[in-house]
Each structure stands twice: as C-alpha cells, then as structure tokens.
Ligand code: 13P
C-alpha cells in the first residue's frame, strides 16, 4: 500500500457535545484492540470540537485514541476581524484540529462558495499548517451532459491555483459526486475509479507523476458498510468521506474496518 487510506466522518450539522462524547467513547472502545493501517478522522460541528478534543486527550494511552484526528468542516479565508459568523484557522488550531474540509458541495451549492474562495481557504489553511480535505464533484446534470471531466478539471485547476508542490503533498482530495451525496445512490466502483484515475492524472499534469502517486483521493457519496469494501478495493481510491453512515459509531467503525482491509 503506497498511500495510507483515510476515513473521515463528516457529521455536517449533527451532534452536539453530549452526542459527540457518546459516539467518540464508543468508537474508541471499538478500535481499542485494532491496529488499522489507515487514518481515522472525525469532523464535528465547530461547537463540538472542544468536546471531541477533550475526549481524545483524556482517553487512556493504549486505547488507540491517538489514531483519531480532528477535522473542521470549514474555515474562513481571512485571518481575523469584522467577519461575523466566521471561524479562523488559528481558532481551529486551539482545538487540535489537523484537517479542514473545504469546498464541500453543500458549501458550494447552498452557501455560494466559488473555486476562488475555496482556493483562498486552502491557502489560509496551509498557512496554519492545517491539512485541507479538498472536495470536488459533478452534479447529475453535468455528468449527463458529458461534462464530468471539464467540471473536475476546472474545480481542481482553480481550487489549487498557486498551491506549491510541498503544500499539495499535505492535501487530501475528496471526490464526491453530488448526485451520490445523501441519496443512497452510490457511484459504481467503475464510475468512482474512472473519476479518481482522471483526478490523479490532472494532479500529474499539474505537479508531476511523483506527487500524483502520493496524493490521497477519498471517495464520498452514500458510502455504507456494505459497499465500502468494493469501493476501497479500487486502485485509485484511498479512503472515504462519509456523511450519514458516520453518524453511528458502529456503522462508521464497520466502514473503517472493512474498507481498510480492502484497500490496495
Ligand atoms: P453521505 O455519506 O450521507 O452520502 O454524505 C457524503 C458527504 O457529503 C460526505 O462529505
């Protein structure tokens, strides 16, 4: 395995502090005796970051809590100041955040985030040494119109404009076809593999073969315990970004467990 798979729970706008505590303690107890060859990440809402950090910090060593990393679901492209409602990268650092999800299709579609804004956020995240989980993906209409590759090319090229090779190596890409998010319709493993291979070829064009071979590309969109193995067995899929099925510790654990075993 050349790339360590990364499984991330994106809770979206779910789980306050007490649910965060229940889930995290349950997950820690399940992974206690396991030694998964993968990274496990939880992205709670901002207001639950502190509780998540506290639970992970307090978990006894040997409980594998150190295997779990914390992600935020967004960050501001600005440092500080008059930006009502925004959260800066330095604020996230105070909660031991390692990753930040950027460019999620819900942020693009509902909150109007553009490729330029996402690019600015990626740069700001890297200034604070946070690792972006950079989301891309096409709508059903774009796919059906034959525009899959051009949409992905624009998102990748504009989202990563001006990002150095060194920073690129700290970025995880998440391919999430919009039509598969929260719909129960997952991409077939062939559709997912084809898109991942294309994204890797784009990275190769921009950064060279060596970097492209090292970059992790997660799949997201209706990943469940019963489809994780087939998706993760694809050569260019390096983990998953999971929404609905990551709201329960058992089902997230099952995805991590079967998915990491199937990763190649
Ligand atoms: P679902 O797993 O609920 O389809 O959500 C995927 C997603 O958007 C993860 O970021």
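Quick note: the coordinates plus some simple rules give every number you see, no bench work behind them. From a predicted model like this one, the values you see are computed outputs, not experimental measurements. FYI the Cβ positions are ideal-geometry reconstructions off the backbone, even for glycines, and counts take in every protein chain you see.
With a bin width of 10 angstrom, please list the P(r) values of the range 1-112 as percents of all Cα-Cα pairs, from the 0 bin to the one holding the largest distance.
13, 43, 32, 11, 1
Averaging sequence separations of C-alpha pairs under 8 Å and six or more residues apart, then dividing by the length of the range 70-196, give the relative contact order as a whole percent.
24
Highest first, please rank the peptides 238-250, 190-202 by the mean number of other Cβ atoms sitting within 10 Å of their residues.
Result, highest mean first: 238-250, 190-202.
Rounded to the nearest 0.05, what FRET efficiency do residue 198 and residue 25 have when you use their Cβ-Cβ distance and R0 = 30 Å?
Taking R0 as 30 Å, the efficiency between residue 198 and residue 25 is 0.15.
Take the alpha carbon atoms of the range 172-227, find their radius of gyration, then divide it by 2.2 N^0.38 Å using N residues; give the quotient.
Here the answer is 1.21, to two decimals.
In whole Å, what is the distance between the alpha-carbon centres of the range 139-183 and the range 78-95?
Taking the Cα centre of the range 78-95 as reference, the centre of the range 139-183 is 26 Å away.
Using the Kirkwood radius over Cα pairs, work out the Stokes-Einstein diffusion coefficient for the range 75-185 at 25 °C and 0.890 mPa s, in µm²/s as a whole number. Intermediate values should be presented prior to the final figure.
Values: Rh = 14.6 Å.
Calculated translational D: 168 µm²/s.
Pop out the Kirkwood hydrodynamic radius of the range 120-215 from its pairwise C-alpha distances, inverse of mean 1/r, in Å to one decimal.
Every distinct Cα pair counted, the radius reaches 14.0 Å.
Could you work out how much longer the chain between residue 34 and residue 116 gets when fully extended? Use 0.36 nm per residue separation minus the Cα distance between them, nm to one decimal.
25.4 nm
Considering the alpha-carbon set of the chain alone, what are its Rg and its Dmax in angstrom?
17.2, 53
Evaluate E = 1/(1 + (r/R0)^6) for residue 147 and residue 209, where r is the Cβ-Cβ distance and R0 equals 30 Å; express this FRET efficiency to the nearest 0.05.
Details: r = 26 Å, r/R0 = 0.88.
The pair residue 147/residue 209 has a calculated efficiency of 0.70.
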